[in-house]
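I have placed the structure first, in the form of C-alpha cells, so that the comments after it can refer back to it.
The values are calculated or read from the model by the stated rules, or taken from the named source; none is laboratory data. Note that the structure is a prediction, hence the values are computed from the model and not measured. No Cβ is skipped: glycine too gets one built from the backbone with ideal geometry, and neighbour counts run over all protein chains shown. These area figures cover heavy atoms from the full protein model, side chains too; ligands, DNA and RNA do not enter into them. Shrake-Rupley method; radii C 1.70, N 1.55, O 1.52, S 1.80 Å.
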Amino acid sequence: MSTRINIGPVHPSTHGVLRLVVDVDGDTVKNVEPHIGFLHRGVEKLVETRMYMQCPPYMEKLDYVAPLSYDEAYVATVEAALGIEVKERAQYVRLIELELQRIASHLFFLGALCNDMGQMFTMFMWVFEDRDRVLELLQEATGQRMFYVNMRLGGVTMDLPPDFGENCMKLLSHLEKRIGEYQRYLEKNPVFMERTKGIGVLSAEDAKSLGVAGPVLRASGISYDVRKAKPYYVYEKLNFHVAVEHGCDNFARYRIRIMELRESIRLIRDALKKMPDGDALGASIKLIGPPAKNKIVTVSRELPRGECMMYMVSDPQRPYRLSIRSPCFVNLAALNHIAKGERLADLFSIMGSLDLVMACVDR
Amino acid sequence: MIDNIIFSIVSTWQGWLNGSSLLFYGIAILIYAIFILIVTSIFAYIFGWVERKLIAKIQHRHGPTFVGKFGILQNLADLVKLLSKEHITPDNADRILLTIGPILMLAVTTFMVLLLPFSPTLQATNLGLGLLLIFVLIAFLPIIVFLAGFSTGNKFADISAQRSVLMLISYEIPLLVVVAAIALLSGTYSISGIVSAQAASHWYILLMPIGFVVFFITMLAEMERPPFDLREADSELIAGWLTDYSGPYYALALFIDYTRMFLASLIIALLFFGGWSGPLLPPLAWLLIKAFIIALFTIIIRATTVRMRIDRILRLGWTWLLPLSLLNLILVYILFVA
C-alpha cells in the first residue's frame, strides 16, 4: 500500500521552495514528482526589456549561493556577441574570483548536505565561518558582499586590491586545513559513511542519458568539465585536474566537492603566481559599440553546480532572446530516477547531494 | 536532609489528621511526587539551557544571550510564548487520543522517575522488582508515541508512528539482556540494592564496559536522542509525531523530551555509575551531578552526528547490540558469578 505525501514548498529541507509529491510504501520511496516554479520570475523574458548591462544583477539572483558565476556567464555571452577579448589581467582576476565563488558554494554544499542528513546545523555553522571569510575576501576584491556585479565588458569593475594576494594565500592555507578537518570528521563518522555509501546510485549511462551536469556527472565517473573540455580564460595555462569519482553514489557526490575545493585552491594559488601586471578594467558598452543584429551566440561555463549554457540572439539595443540552460534544472530532473527505491530519509540526502538552488531551477 | 524535611512535614500532617496509615501514606507519596516533579522540572530547565549553550559553543555561536543573564530565561520565554498560542486540533484527528497522548507520556515518565530511588532514604518505595517495572514502563513510551502519531491524522506523524514501533523491536531486547546481566551481577532487582552492590564492589561501568556501551546506545534510542531521533526527524518528517501539536501541547512535548532525558541519565547513573555514592556531598547531589554529566555527553553526540536510518537501526540492534549484550551476559556470568 502506498501513501502519497506532499513535501514542501515549505519544509525544513527542500532548499528553498520546492514541492515534492512523494509516493511512499512504508519508508520506501516509490515515485518522486518535483513541482517547480515557486521562484519563477521570468528572467529570460525580463532581460529582453533591459539594456545589456542592466541585466547582470538579475543574473546574479539566479543562484544566490554563487552569484558571481552567473554574472560572469552572462557578461561572457555579451562579450561573445560583441566579439571582444578580455584583457589578460582581467582574465586572471575573473578566474580567481570565480574559483573563490566556487569554494564558497561548495562549502555551503557541505553544510547543507549534513543538515539534510539530520545534523543539528553544526557543519552548517562551521562551513559558514569559512564561507564568511571567503565572502569577506570577495568583498575586498569587488566592494560587495553578496551580489557582486563585478564584471564589465572586456574586464572587471575593480581590479584586485594591492594586498589581495597575501590575504588570499593566507585564507587558502586556512581553508586547506579546515577542509582536511571536515573530511576527517565526516569520513571517520560511521553513521555518515553508512548514510552516503551506496545510496542514490546514478550509473554513468543513466547520468549521460539524463543529461545531469557538473559534480553530479563527474561523480558518476564521466570526466567532463567545461574548464578542460572547452577552456575559457586562462584555465588551460593553469595547473589543475578534473576531479572524477567512480562511486556514482552520495558519497562520490560529496567527495567530488571536497576534491574540487582542493583543485580550486590549487588553481587560485597558481593564478596568483602567474598573474601579470597591467590593466584589468572593463569598458562601457557605449565605448565598444552595439552588437550586430540577430547574431546568435552560445557560451557555456562551468558553474559550481554544473555546466550552464547561455544562448543569446543579439540586437543592437538589448538581448533579443536569452535562454539559460540551468544545471540545477537537469539535476533535479534526475531526482526521481536516483531516489526511486531508496528510503524516505535518503531522498533528502540525495537532494542535498544534488546541491539544488531553486532560483536556478525556476529562473 | 531533604528527606528529613519531607518526613517531618508528613509526620506533622499525620499528627493533624490523627493518622489512618493509608491516608498518611497517600499524602507522603503526594508530597514526595511534588518534590520529585520540582526536581525534574529544575533539571529539565537547566538541561534545556545548557543544551542550547553547549550546542551553540560547539557550533561557534553564542546561543541565547538576550533574555536574562546568559540567556538563562530563554526557555521560560519560549514556554510563555507556546502557552499563549492556540492549540489547533486538525479536522481528521482523533481528539481524545491527541489530547491524552502527551499527558499520558508525561504521566508515565514522571511515574518512572518517582519509582527511582534518589538516596538511601529518599525514595517513594523500595520495590523488590523495581528494575523490571522501570523497563516494562519504558517500553510503553514508543507505544504512546505510536498512538499519538496516528491520532493526529497527519501523514508525517503516521510515518513517525510506524518508525516508533520498528525502533521498539530493534533495541528492546538488547536493553533487557543488559538489564538481566545487571541483575545477575548484583543478585537483586531492587535499584537501591544494585546501588549498594556497586558500593560494595566497583561501579558497573568498570565491571561490564560492553554492557554499558550497549545500554547507553539503547537508552539514546529509547529517549529519541540523536542519532536515533527518527521519530521527530526534522529534516524529513518536519517534527514527526509532533507535527500537528501546537501551542501548549508542543510545550508539553518539549518538557517531556527533557524529562525523559533526566530519566535516562538517572537510570544510567544509578545502574552504572554507583548511583548516589560519593564523598563529601549529600547523596542526592551526587546522583544529580552524575546524571547531569551523562546528559552532557548526549548533548555533544546530538551536536556532532548525523541521523541514522531506520533500517540501519534495525540492523545495528540485531547484528551488533544483541550479540554484544549476550556476550556481556556470558562474560558477567563467567567472570563474576560462576
Review point. Within region A:297-311, can you find the residues that are open to solvent by 80 Å² or more (accessible area, probe 1.4 Å) and modelled with pLDDT under 90?
Key: none
Practice item. Scan region A:27-48 for residues that are over 19 Å from residue A:64 (Cβ atoms) and open to solvent by 30 Å² or more (accessible area, probe 1.4 Å) and report the count. Key: 8
Revision key, fill the gap. Checked region A:312-326 for anything closer than 28 Å to residue A:263 by Cβ and part of a strand (DSSP E or B); matches are A:324, A:325
Review point. So how many residues does region B:281-296 have that are free of Cβ contacts under 8 Å to residues at least 12 places away in the same chain and open to solvent by less than 40 Å² (accessible area, probe 1.4 Å)?
Key: 1
Check your understanding: Looking at (1) open to solvent by less than 20 Å² (accessible area, probe 1.4 Å); (2) closer than 25 Å to residue A:9 by Cα, which is the only condition residue B:167 fails?
Key -> (2)
Point to revise | Number of positions in region A:119-133 that are over 19 Å from residue A:356 (Cβ atoms), open to solvent by 10 Å² or more (accessible area, probe 1.4 Å) and within 19 Å of the chain's Cα centre (by Cα) | key: 2
Exercise for review: State which residue is nearest to the other protein chains (Cβ to nearest Cβ) when the search covers only region B:241-254 and only residues that are open to solvent by less than 20 Å² (accessible area, probe 1.4 Å) and part of a helix (DSSP H, G or I).
Suggested key: B:242
Point to revise | Counted residues, region B:106-126 - those being in contact with an Asp or Glu (Cβ under 8 Å, 6 or more places away or on another chain) and surrounded by fewer than 19 Cβ atoms within 10 Å (Cβ to Cβ) | key: 1
Practice item. Report, by residue number, each residue of region A:331-363 that is of a type in the set (Val, Ile, Thr) and within 14 Å of another protein chain (Cβ to nearest Cβ). Key: A:350
Review point. Can you spot a residue in region A:5-17 that is part of a loop (DSSP other than H, G, I, E, B), away from every other protein chain (no Cβ under 14 Å) and in contact (Cβ under 8 Å) with a residue 40 or more places away in the chain?
Key: yes
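Which residue out of A:79, A:44 is at pLDDT below 90, in a helix (DSSP H, G or I) and farther than 23 Å from residue A:230 by Cα?
Every option except A:44 fails the conditions.
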Review point. Could you say which residue among A:116, A:23, A:27 is of a type in the set (D, E, K, R), under 23 Å from the mean Cα position of the chain (by Cα), within 14 Å of another protein chain (Cβ to nearest Cβ) and under 30 Å from residue B:243 (Cα atoms)?
Key: A:116
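Table: residues versus (1) within 14 Å of chain A (Cβ to nearest Cβ); (2) within 29 Å of residue A:23 (Cα to Cα); (3) modelled with pLDDT under 85.
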| site | (1), (2), (3) |
| --- | --- |
| B:84 | no, no, no |
| B:104 | no, no, no |
| B:128 | no, no, yes |
| B:134 | no, no, no |
| B:142 | no, yes, yes |
| B:158 | yes, yes, yes |
| B:164 | yes, yes, yes |
**Study point:** Verdict on residue A:287 being touching a His at 6+ places or on another chain (Cβ under 6 Å) and among the aliphatic types (A, V, I, L, M)
**Key:** no
Practice item. Identify all residues within region A:272-294 that are more than 16 Å from residue A:176 (Cβ to Cβ), in contact (Cβ under 8 Å) with a residue 60 or more places away in the chain and either of a type in the set (A, V, I, L, M) or buried (at least 19 other Cβ atoms within 10 Å of the Cβ) (or both); write none if there are none. Key: A:275, A:280, A:281, A:282, A:283, A:285, A:288, A:291, A:292
Point to revise | Failed condition for residue B:257, given (1) open to solvent by 10 Å² or more (accessible area, probe 1.4 Å); (2) more than 11 Å from chain A (Cβ to nearest Cβ); (3) more than 14 Å from the chain's Cα centre (by Cα) | key: (3)
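Hey, among the residues in region A:172-200 that are in a helix (DSSP H, G or I) and open to solvent by less than 10 Å² (accessible area, probe 1.4 Å), which one's farthest from residue A:137 (Cα to Cα)?
Here the answer is A:195.
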Exercise for review: May I ask you to verify whether residue A:58 is under 24 Å from residue A:157 (Cα atoms), open to solvent by 40 Å² or more (accessible area, probe 1.4 Å), part of a helix (DSSP H, G or I) and out of contact with any strand residue (DSSP E or B) (no Cβ under 7 Å at 6 or more places or on another chain)?
Suggested key: yes
Check your understanding: Hey, any hits in region A:144-158 for a residue that's assigned to a helix (DSSP H, G or I), more than 14 Å from every other protein chain (Cβ to nearest Cβ) and of a type outside the set (Phe, Trp, Tyr)?
Key -> no
Check your understanding: Does region A:102-113 contain any residue that is surrounded by fewer than 21 Cβ atoms within 10 Å (Cβ to Cβ), hydrophobic (A, V, I, L, M, F, W, C) and within 14 Å of chain B (Cβ to nearest Cβ)?
Key -> no
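Just give me the residues in region A:223-240 being open to solvent by 30 Å² or more (accessible area, probe 1.4 Å) and assigned to a loop (DSSP other than H, G, I, E, B), in sequence order.
Listed by number, the residues that qualify are A:223, A:224, A:230, A:231, A:233, A:239.
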Review point. Here is a list of conditions, (1) within 12 Å of chain B (Cβ to nearest Cβ); (2) of a type outside the set (A, V, I, L, M); (3) touching a residue at least 24 places away in the same chain (Cβ under 8 Å); (4) on the phi > 0 side of the Ramachandran plot, and residue A:130 meets all of them except one; can you say which number that is?
Key: (4)
Review point. Pick from region B:297-313 the residues that are facing chain A (nearest Cβ under 7 Å) and open to solvent by 10 Å² or more (accessible area, probe 1.4 Å): which of them is farthest from residue A:185 (Cα to Cα)?
Key: B:311
Revision key, fill the gap. In the set B:217, B:210, B:205, B:238, the lone residue that is open to solvent by 10 Å² or more (accessible area, probe 1.4 Å), out of contact with any Gly (no Cβ under 8 Å at 6 or more places or on another chain) and modelled with pLDDT under 80 is B:238
Study note, to complete from the structure: Inside region A:1-24, the number of residues satisfying the requirement of being open to solvent by 50 Å² or more (accessible area, probe 1.4 Å) and either under 28 Å from residue A:149 (Cα atoms) or at pLDDT 85 or above (or both) is 3
Practice item. Find the residue count for region A:241-260, including only residues that are closer than 16 Å to residue A:301 by Cβ and surrounded by fewer than 20 Cβ atoms within 10 Å (Cβ to Cβ). Key: 1
